[in-house]
Every structure is written in structure tokens, then in C-alpha cells.
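First the structure, in the form of C-alpha cells, and then the observations on it.
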């Protein structure tokens, strides 16, 4: 029986669906469903995998239908006619956009898959509503703009009835708007007919996402009952903001504990090593627990056959499954739960990330000043082109230092 409670995000649910649910669908003679193109009826999924359905609802607030949309299922909607459109230029425009996302922008397959699914749903809905598969020709005629905006609006009226949550609707709008923007930038369109959809439908309010995090009191309670390895894991997640897999596989070669004067200690990842590598910074500054890390490295260095991993497992680092097991045990020993559930490693990173979001305006303000001095109106361009990684790291550290230390320094220093 799968332990759904230990799944670490939607990727684990998607993997279980593909590896377990899909074969079961194929083998069930009473269920006439092609899992390459269709998803199972709700009654079948509930009868066979009730725990799966319940955990999706409790952990992520998703129905099975919303889950399929989030992760881009079914995985293979038909190799012969994936888009269901009879206008080749439109199909090429869709494929070119997705290819750019994956090849040139470095988006992960878990990002491109859902984007493909949303665009497919939009394109086929547009086809059905407007009785045409040609989504491109009107974009090259300014005089057709009012009518095309109306066609896009009518398409989203249908989607409004079919999509569940505000968050889901906003994701569809984002996917569609970004595709039209791509067409404009490539000279295949003169305007973006979806530019004002959020306002027209009143979807421009912020959706409520349920991303539970550990509170400062939770971290303190967990540290109080933790052993040294568990405490180090908490430090890496809540104190530094590493992803669970990054914390579990952290290696001494990634640590820069004695940087040049004026810099801060940091963890360094190889290019492309982190998730969403094109958009994710390659270094993570260490603002708390540096002395404890030095002591840990010194202790391990004296041990025979140390592999260099800060959380040693059987062959390298520990697994994320081990980390989840540790957190569950910690929660039981410390009597800590989050939103009624045992704590999970990802909740530690969210604790740090909430602090980061509070300081993001200060970080962006500093970058904007550099942009202005360089004559750039776009701070993100200035950050990419004019600031080296050390400067970016220092800017983040300057903005985060007092806040992180105020929240965590005293409790980590007490236990590490």
C-alpha cells in the first residue's frame, strides 16, 4: 500500500499515477479507457485508489480533474494528432513555443508538460467555439483585432465554466498570454488578444494558495528533540532555504566557508544543477549556523571513508524519503503538526522562503539602482548582464541578514 502522506509534492503523485494507475487502467477489462488519451472516471479512481484521491484533496486542495490539469495528464494525448487542429501554422506556432521553453529557456519537463496541456485545451476550445483551427491569421491583421479579442473572450467564457479554482484559471491565462507574446516577439502576431483577460473576467485578484510552512516556534520545538543529523537538516532547509533534495545531497565540495573578504559563506551549485536552472541562482548564502557547519566538516574529516556528504547515507547522501521519515518522527516527538498534518521537509524551505519574499522588494530596489546607473530600464536585465554572482549574492545577503538572524540565529545557535 503506497504511503501517500510521504509524497513530496505533485511530482510524486504524477509518478504514482503513471507507474501504478495507468497499468491498472490498461489491465481492467471493465474500464473502457485509453490512459494514453483519457483519464479514468472519478468513480473508478475513488473505488481503486481512495487514499490517492483523499491525499490530493487534503495536501493540495485538488480534485482529480484539477490534478490532471496541474501535471499535464494524460501524458500522451495521441501521437498522430496531438493538438487536434487542422491548421499547420498554428500547430507549428504552439510547438515552437514549447520547444523554446525547454531548449532555450531551460524549463523542466514538469513545467513544459502542464503548459502543453493548458495550451492544447485552450486551442481545441477555441476551435470548437469559433469553428476554426486558425489561431494565427487574425493576429496579422490589425483591423481584425476587435473580433479576435471577442473570440478569445468567448473561448475563456467556456473555460470559465470548466475550470475549477481561480488559481487554475490564472494559470491558463498565463500560458495563453505567454504564447501570444511569443508570437508577437517572433513576428507572427501584431497584438496579444488575451492581454486583458484577467481584468475582463475579474480574475486579477490574488488566488489563495495553501503552502503550509513551519513557524519559528515549530522550528524551535523540533530542534529541541532532534539529534545532530536532524538538526543539520533543519538548518539547511529552514535556515538556508535549500530544497529537500539539495539538503539531502549536500557535499563538502559545494561549501565555500572562507570566501574572500567582503563576501559571505555560501553553497555553490554547478551550472544547471538546480531545479529550473536557467532562472535559479547558483549560490545560496549561509547567514546562520556557519560555525556548526565547520565543526561538522571537521568531525567527519577525521572519520575513515567519509564520502564528503554532510548527511551521509549508505553510499552518498540520504534520500528524500529518509528526510520525510525524520520529519515525521520529529513531529511526533515534539508534538508538532502543520495544518493538522505531520511536518514535511518542504515546509522548512517554505519557512525560509517566506522571509525571502518579505525582503524581495529591498533586493529589487538595489538591483534597480544598478539598472539606472547602467541606463537600463529593466532591473532583471541589469541583474543578469551587469552584476556578477558575487555581487548578486552580497545584495541578497545584505537584504536578508538581519531578518534571518532575528528569526533563526538564536534558536539554531542554542542547539547546534
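The values are calculated or read from the model by the stated rules, or taken from the named source; none is laboratory data. Computed from a predicted model, the values in this text were never measured in an experiment. Cβ atoms come from the backbone with ideal geometry, glycine included; neighbour counts cover every protein chain shown.
Worth a mention:
- Identity of the residue in region 1-10, part of a helix (DSSP H, G or I) and closer than 14 Å to residue 345 by Cβ, that ends up modelled with the highest pLDDT: 6
- Verdict on residue 231 being touching a residue at least 24 places away in the same chain (Cβ under 8 Å), buried (at least 19 other Cβ atoms within 10 Å of the Cβ) and part of a helix (DSSP H, G or I): yes
- Members of region 322-336 found to be exposed (fewer than 15 other Cβ atoms within 10 Å of the Cβ) and in contact with a helix residue (DSSP H, G or I) (Cβ under 7 Å, 6 or more places away or on another chain), listed by number: 333
- Residue list for region 246-258, filter: outside any loop (DSSP other than H, G, I, E, B) and under 21 Å from residue 355 (Cβ atoms): 246, 247
- Residues in region 154-161 include at least one that is at pLDDT below 95, buried (at least 19 other Cβ atoms within 10 Å of the Cβ) and more than 16 Å from residue 202 (Cβ to Cβ).
- Qualifying residue in region 252-273 (condition: touching a residue at least 60 places away in the same chain (Cβ under 8 Å), within 30 Å of residue 106 (Cα to Cα) and loosely packed, with under 13 Cβ neighbours inside 10 Å): yes
- Every residue from region 84-95 that is assigned to a helix (DSSP H, G or I) and either under 23 Å from the mean Cα position of the chain (by Cα) or buried (at least 16 other Cβ atoms within 10 Å of the Cβ) (or both): 90, 91, 93, 94, 95
- Scanning region 132-147 for residues that are within 35 Å of the chain's Cα centre (by Cα), buried (at least 16 other Cβ atoms within 10 Å of the Cβ) and assigned to a helix (DSSP H, G or I) yields a count of 2.
- Subset of region 276-332 that is at positive phi and more than 22 Å from the chain's Cα centre (by Cα) - its residue that is modelled with the lowest pLDDT: 305
- Of the residues making up region 175-192, not a single one is more than 18 Å from residue 124 (Cα to Cα), assigned to a loop (DSSP other than H, G, I, E, B), touching a helix residue (DSSP H, G or I) at 6+ places or on another chain (Cβ under 6 Å) and modelled with pLDDT under 90.
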